[in-house]
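Below: one structure, written as structure tokens.
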Amino acid sequence: MSDEDKRLDEETGQYTTGHSYDGIEELNTPLPRWWLWTFYATIVWGIGYTVAYPAWPMISGATAGVLGYSSRAEVAEDIVAHEAKNASLVDELVAADIAALDPASDLHRYAVARGASVFRAQCSQCHGSGAAGAVGYPNLLDNAWLWGGTVDEIAYTVEHGIRNETADARYSEMPAFGEILTREEIAALVSHVQALPNGGAGGEAETLYLDNCVACHGDNGEGMQELGAPNIADAIWLYGGDAAAITQTITNARFGVMPAWGQRLSDADVRAVSLYVHALGGGE
Amino acid sequence: MSETSEPLYAAREPVFPRRVSGRFRTLKWGILIVTLGIYYLTPWLRWDRGPNLPDQAVLVDLAGRRFYFFWIEIWPHEFYFVAGLLIMAGLGLFLFTSALGRVWCGYTCPQTVWTDLFILVERWIEGDRNARIRLHKAKWDAHKLRLRLTKWATWLLISVATGGAWVFYFADAPTLLRDLVTLAAHPVAYSTIAILTATTFIFGGLMREQVCIYMCPWPRIQGAMMDPDTLTVGYRGWRGEPRAKGKRRREMSAEAERIAAEQAEKGRGRAAYRSTPYPGIDGFDLPETPVVETSGPGDCIDCMACVNVCPMGIDIRNGQQMECITCALCIDACDEVMEKIGKERGLIDYLALSDEPRERAGAKPRPIWQHVLRPRTMLYTALWSLIGVVLVYALFVRPEIDLTVAPVRNPTFVTLADGSIRNTYDIRLRNKHGDDRPFGLSVKGHPAFRIELEGTVFQTVDVNANETKLQRVYVIVPPSADPATADVTGLRFWVEDLTNGERAYKDSTFNGREG
């Protein structure tokens, strides 16, 4: 582009820019000057932005920016702010008699919502994100409870756990009857247990049951929550209800362990997650 | 700047529109008063909705996620109403532009309305066109400073009122006004007012036509909306040209008489002139149009009235231009002049470009309805009306009771101790009323279905006023019942508003053991 190439185009009355491609010339329609200044201003703004905020990539990480902003810190602040906002609810929750909490109250609603997030973070690994459990890990949705399904019992289980090393953990131990009974006797017991919903198998099998099992599992297999002894007459089997699974249970016994979450969770979280589990559909 | 070039960037050429009066100016004043009135006053209208609900007729409650418009209340899940209105606004714009050109730009665009208001203020304070040009050229002295400060202060007041009115749409207006005055309002309110004050002042006072020419996309889009049948502001070049005034006009008249006399002897005669350039339209961009009968100078006396009143600073006689917002003020200005010199009005007028050949040939233009009624506008009208009817229909059949049912699929079913099969559903119930309401829940589909609600032994859900409640609902069937053994069984949840007996339902499914 040189000034010599610029000329006045008579057809339009406009000057050309001097650009010419195969004889096609470009007309100069001047842009408004404020547009140019706006353009410069956005450049200045853009540079200022990279100075103010994290931007330039360096060897390890990026420049921090003079404002010291980071999205991680912002999240942390948000969490702190949220916790401050919920502080009074948390205090209320810790002080409340959770067994008597009105399910329609705001505090209950808050606790269940908080409990849901605690559950997903801490409990879902064993009990499943939908709380449906798995073989060896109880389903928390149904109405069968090994150690009791009231809010207070659930809270105790959460806080102290089951068969762990802590002093207050729920504890019981089923003997491995493989060391006590013969295979035939165990097979007879299995047939009796499977027949329990219909009154049992009778005869020698029933005698064996009364001699060995009734202390914990009860006359009719109804179990005993004080000892964590399951109801073996209902439709729910933690380790499976077919003959093979029951045979293995009687022969080798089972020893399910749950950590004492009171050591890791706050009082409020223990109470919240207990209320959440209680409200999943099986709460007593 | 050398002689053969211009700089690539140019300063704004100030425009000093002259005062004009006429039917379009009157219409525009009316539209200005109505539109500004609606904008400034709407937030102050009250509308009683009963307790617990705001009494502002038009309110965008962002925090509460509600939009109130008189008797209509829109919840976030009903946002399709807003989408529908936006589509209607778009189609309406297409319709009006294809039929009447850029009427939106010329009459109702906020940029045009506020610029009009700002120019009015400018004229009151600094005088009409000539006085303003003199003031513009004058050295800065006390007089100029006083006038400028007065003008700027008035503009600023209007701008603050404009920005201020905006925020009243988002909060209870009287409360917010009190908070604003006592400096107790939220910082966002002040910053919003500040930003809108600045844009109003700058766009309406300082930039004006620059906004339309360089910032607005609409002038570019309009080309696709208009066709030769569109009625738009234009100059009847075939009537006005060759333009001339004063001595030159007299000479031309004399020359024409002489030629006419000459031709009268010979029997025939024609003179030629260049057509008004309408680029891209067949037949209008020929360098020379066929000759027509003429008797000396055209009707245009080149008085520049049309140019002097133009807020965009253009000359309508140059043909259709992107800069023209069709504000029609040049029509008023020209009509005034035509009346004074005893010529027919309408040298500059609303016209359809497709009429040019007819008018050149001396025929009357086709009637307006023939231009307006064409497939394109009818299609736009049909689409616009269709969406409008659908929206109104949707508004009136909107259920009073609003519920959603989300079956819990993790797990799909739960076996209870006695072998019963239980499915769980998350039901959300919306209470759109201003008072707390109980809703009764029931389930139909199979006699074995039994419904239970989490947290209560009753089958009613109390939902607080203007809130949504999530209720966990269980459907249980005995172990041997069909739904327990089948794969999937359909069911229907019924909800009854126990206050007025209204009912609504939602269908869902029940998963059995086979599932």
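The values are calculated or read from the model by the stated rules, or taken from the named source; none is laboratory data. Keep in mind that this is a model prediction, so the values were computed, not measured. Note that each Cβ is placed from the backbone with ideal geometry, even for glycine, and that neighbours are counted across all protein chains shown.
Okay, here's what the table says:
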| read-out | value |
| --- | --- |
| Selection within region B:426-467 - at positive phi and away from chain A (no Cβ under 11 Å) | B:Gly445, B:Asn466 |
| In region A:139-174, residue farthest from the other protein chains (Cβ to nearest Cβ) [restricted to those that are of a type in the set (Asp, Glu) and part of a loop (DSSP other than H, G, I, E, B)] | A:Glu165 |
| Single unsatisfied condition, A:Gly221 versus (1) crowded, with 19+ Cβ neighbours inside 10 Å; (2) more than 14 Å from every other protein chain (Cβ to nearest Cβ); (3) in contact with a Gly (Cβ under 9 Å, 6 or more places away or on another chain); (4) over 25 Å from A:Leu265 (Cα atoms) | (2) |
| Restricting region A:77-133 to residues that are in a loop (DSSP other than H, G, I, E, B) and of a type in the set (D, E, K, R), the residue that is surrounded by the fewest Cβ atoms within 10 Å (Cβ to Cβ) | A:Asp97 |
| Odd one out for A:Ala245, checked against (1) surrounded by fewer than 17 Cβ atoms within 10 Å (Cβ to Cβ); (2) more than 29 Å from the chain's Cα centre (by Cα); (3) small (Gly, Ala, Ser); (4) within 14 Å of chain B (Cβ to nearest Cβ) | (4) |
| Criterion violated by B:His371 - all others in (1) touching a Ser or Thr at 6+ places or on another chain (Cβ under 8 Å); (2) within 14 Å of chain A (Cβ to nearest Cβ); (3) outside any loop (DSSP other than H, G, I, E, B) satisfied | (2) |
| Cβ pairs under 7 Å, 6+ apart, first in region A:6-19 and more than 10 Å from chain B (Cβ to nearest Cβ), second surrounded by fewer than 17 Cβ atoms within 10 Å (Cβ to Cβ) | A:Asp9/A:Leu27; A:Thr12/A:Leu27; A:His19/A:Met1; A:His19/A:Glu25; A:His19/A:Glu26 |
| B:Ala394 being among the small types (Gly, Ala, Ser) and within 14 Å of chain A (Cβ to nearest Cβ) | no |
| Residue that is nearest to A:Tyr171 (Cα to Cα) [pool: residues in region A:189-223 that are touching a helix residue (DSSP H, G or I) at 6+ places or on another chain (Cβ under 7 Å) and of a type in the set (Ser, Thr, Tyr)] | A:Tyr209 |
| Pair list, Cβ under 6 Å, 6 or more apart: region A:85-103 residue within 21 Å of B:Gln471 (Cβ to Cβ) and within 14 Å of another protein chain (Cβ to nearest Cβ), other residue surrounded by 14 or more Cβ atoms within 10 Å (Cβ to Cβ) and small (Gly, Ala, Ser) | A:Pro103/B:Gly455 |
| A:Val44 being closer than 28 Å to B:Arg208 by Cβ, more than 14 Å from chain B (Cβ to nearest Cβ) and either within 59 Å of the chain's Cα centre (by Cα) or at pLDDT 85 or above (or both) | yes |
| Among residues of region B:176-235, those that are charged (D, E, K, R), in a helix (DSSP H, G or I) and either within 30 Å of B:Trp44 (Cβ to Cβ) or touching a helix residue (DSSP H, G or I) at 6+ places or on another chain (Cβ under 7 Å) (or both), counted | 2 |
| Residue count for region A:15-29, restricted to those that are surrounded by 14 or more Cβ atoms within 10 Å (Cβ to Cβ) and not in a strand (DSSP E or B) | 1 |
| Odd one out for A:Gly136 among (1) of a type in the set (Gly, Ala, Ser); (2) in contact with a Lys or Arg (Cβ under 9 Å, 6 or more places away or on another chain); (3) within 13 Å of chain B (Cβ to nearest Cβ) | (3) |
| Candidates A:Glu204, A:Glu179, A:Glu222, A:Glu184 - the one that is charged (D, E, K, R) and under 17 Å from A:Phe255 (Cα atoms) | A:Glu179 |
| Inter-residue pairs, beta-carbon under 9 Å, first of a type in the set (S, T, N, Q) and in region B:55-76, second in a loop (DSSP other than H, G, I, E, B), 6+ apart | B:Gln56/B:Leu45; B:Gln56/B:Trp47; B:Gln56/B:Tyr169; B:Gln56/B:Ala171; B:Gln56/B:Asp172 |
| Residue match in region B:410-422 (condition: over 18 Å from B:Phe510 (Cα atoms) and either out of contact with any strand residue (DSSP E or B) (no Cβ under 8 Å at 6 or more places or on another chain) or within 11 Å of chain A (Cβ to nearest Cβ) (or both)) | yes |
| Failed item, numbered, when B:Ala484 is tested on (1) modelled with pLDDT of 90 or more; (2) in contact with an Asp or Glu (Cβ under 8 Å, 6 or more places away or on another chain) | (2) |
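Let's see how each residue does on (1) modelled with pLDDT of 90 or more; (2) out of contact with any Lys or Arg (no Cβ under 6 Å at 6 or more places or on another chain); (3) surrounded by fewer than 18 Cβ atoms within 10 Å (Cβ to Cβ):
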position: B:Gly388; (1), (2), (3): yes, yes, yes
position: B:Phe396; (1), (2), (3): no, yes, yes
position: B:Thr415; (1), (2), (3): yes, yes, no
position: B:Gly419; (1), (2), (3): yes, yes, yes
position: B:Asn431; (1), (2), (3): no, no, no
position: B:Pro447; (1), (2), (3): yes, yes, yes
